[in-house]
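Here the structure comes first, spelled out in structure tokens, and everything after it is commentary.
The values are calculated or read from the model by the stated rules, or taken from the named source; none is laboratory data. All values derive from a computational prediction rather than experimental measurement. All Cβ positions, glycine included, derive from the backbone under ideal geometry; neighbour counts span all protein chains shown. The protein model used for the area step is the full one, side chains on, heavy atoms only, and it has no ligands, DNA or RNA in it. Shrake-Rupley method; radii C 1.70, N 1.55, O 1.52, S 1.80 Å.
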Amino acid sequence: MQVNVEWVDARERLPEPGEPVAAATYGIWPQDFHDREAAGEDYWLVRPMVFHDVYIPMTFTESEDDSEYYNCFADSDGVVRYPPGRPSQEHVTHWAALPFLPGTSVHEADGAEARSAFQRVGDHRSP
């Protein structure tokens, strides 16, 4: 399977709320980065994220921050990043819509639906 990717400049347009995207993130490795040779160096990399018009991180203890974030990208660890021009250590410079799951028109399938969709794309057994 091949997929064409259209990168969108995050200064020009943002994804729809809740949309999973590939986000090109620009930043500088912190001085205490585990790879001492890369510490302080610029980087630009792609990460999967979800765009949110309002993002409220899940809190597990009362000591955690109850902040709300607006028009931001969040990764699976809950790290929030903004487009250029907003306060952020790392900025999402570009984004691209993620392709659908193989053989489907969706980005997500759960439970029995996931097993069924996975089996339809080939002679596979669940991992």
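A few remarks follow.
- Modelled spin labels at LEU98 and TYR43, positioned 7 Å past Cα toward Cβ, are 2.0 nm from each other.
- Protein accessible area in the chain, 1.4 Å probe - carbon and sulfur %: 51
- With respect to the chain, whose longest principal axis is taken over its alpha-carbon atoms, helix 111-120 is tilted by about 70°.
- Residue-normalised accessible area of region 69-127, given per residue in Å² at a 1.4 Å probe: 67
- Ranked from largest to smallest solvent-accessible area, with a 1.4 Å probe on the protein heavy atoms, GLU113, GLU12 come out as GLU12, GLU113.
- Segment ALA109-GLN31, extension gain: residue separation times 0.36 nm, minus the distance between their alpha carbons: 24.1 nm
- THR104 contributes about 40 Å² of solvent-accessible surface, heavy atoms of the protein only, 1.4 Å probe.
- Cβ-defined net charge surrounding ALA117, 13 Å radius [Lys, Arg +1; Asp, Glu -1]: -1
- Based on the Kirkwood approach, the hydrodynamic radius assigned to the chain is 16.8 Å, with every pair of different Cα atoms included.
- Among ARG36, ARG86, the sequence by solvent-accessible area, most first, with a 1.4 Å probe is ARG36, ARG86.
- Spin-label model distance (nm) - VAL54 vs GLU6, 7 Å beyond Cα toward Cβ: 3.0
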